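Student: A single structure is presented below for examination.
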Amino acid sequence: MLVLLAGIFVIHTATVIMLFVSTIANAWMVSSKNSSGLWQDCIGNNCMDVGFPEDDLPALKTVQAFMILAIIFSFISLVMFVVQLFTMEKGKRFYITGAILLICWLCVMIAVSIYTARFPQYFTPSSQYHHGYSFILAWICFCFSFIIGVLYLVLRKK
């Protein structure tokens, strides 16, 4: 049981770090010389604010907000796990930790789904753009946060 809890803690910590990296890095859509993230477009070494049409700026702000919320909920869930690990009675389940992490999962799902639906259309196939590592990390965090959240709900402290 201790090995399982340690493994879940390590994966949860990795999820928090990957969420942070995926939100900050400008590699959601990349080409050979250019990259675009949630905050900036980079052409070579020259970076500027993301430039999407006015109609899609609310969607971009929504993606940014939900990714930040996902980081916050994931970190709070990690802290709650440590607190519950040392204060909770034996035989109890990690309900609070699991519920908070499932809220994180929901935030990641909303953010990445909106980005997938709204923004790749601005990167034409002729420009050789493809999804970058930040986008892939966000989907990996989506999977990890769901799996770990369900495991927290099922696990008992022994």
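Student: By how many nm would the segment from Leu2 to Lys33 lengthen if fully extended, with 0.36 nm per residue of separation less the alpha-carbon distance?
Tutor: Details: separation 31, 0.36 × 31 = 11.16 nm, distance 4.64 nm.
Taking 0.36 nm per residue and subtracting the Cα distance, the gain is 6.5 nm.
Student: Hey, what's segment 16-158 come to in accessible area per residue, 1.4 Å probe, Å²?
Tutor: On the way: 7580 Å² over 143 residues.
Per residue, segment 16-158 has an accessible area of 53 Å².
Student: Work out the length of the dipole vector of the chain about its Cα centre, built from +1 on the beta-carbon of each Lys and Arg and -1 on the beta-carbon of each Asp and Glu, and round it to the nearest 20 debye. Walk me through the intermediate numbers first.
Tutor: On the way: 9 positive and 6 negative charges, 192 e Å.
Dipole size: approximately 920 debye.
Student: Among (1) 19.4; (2) 17.3; (3) 16.6, only one was calculated for this model; which label is it, if the read-out is Kirkwood radius over Cα pairs in Å?
Tutor: It is the one labelled (3).
Student: Please find the FRET efficiency linking Leu153 to Lys61, where r is the Cβ-Cβ separation and R0 is fixed at 25 Å, and quote it to the nearest 0.05.
Tutor: 0.20
Student: Distance from a point 7 Å along Cα→Cβ of Ile72 to each backbone N in segment 91-105: keep the residues under 19 Å and list them by number.
Tutor: Counting backbone N atoms under 19 Å from the label point, the list is 97-105.
Student: Further, regarding this structure: By how many nm would the segment from His130 to Val79 lengthen if fully extended, with 0.36 nm per residue of separation less the alpha-carbon distance?
Tutor: Working: separation 51, 0.36 × 51 = 18.36 nm, distance 3.55 nm.
Here the answer is 14.8 nm.
Student: Can I ask one more? Where is the GNM fluctuation largest for the chain (alpha-carbon springs, 10 angstrom cutoff): Phe81, Phe52, Phe146?
Tutor: Taking springs between Cα atoms under 10 Å, the residue moving most is Phe52.
The values are calculated or read from the model by the stated rules, or taken from the named source; none is laboratory data. Bear in mind that the values here come from a model prediction, so they are computed numbers and not experimental data. Please note: Cβ atoms are built from the backbone with ideal geometry, for glycine as well, and neighbour counts cover all protein chains shown. Note: areas computed on protein heavy atoms with side chains; ligands, DNA, RNA excluded. Shrake-Rupley method; radii C 1.70, N 1.55, O 1.52, S 1.80 Å.
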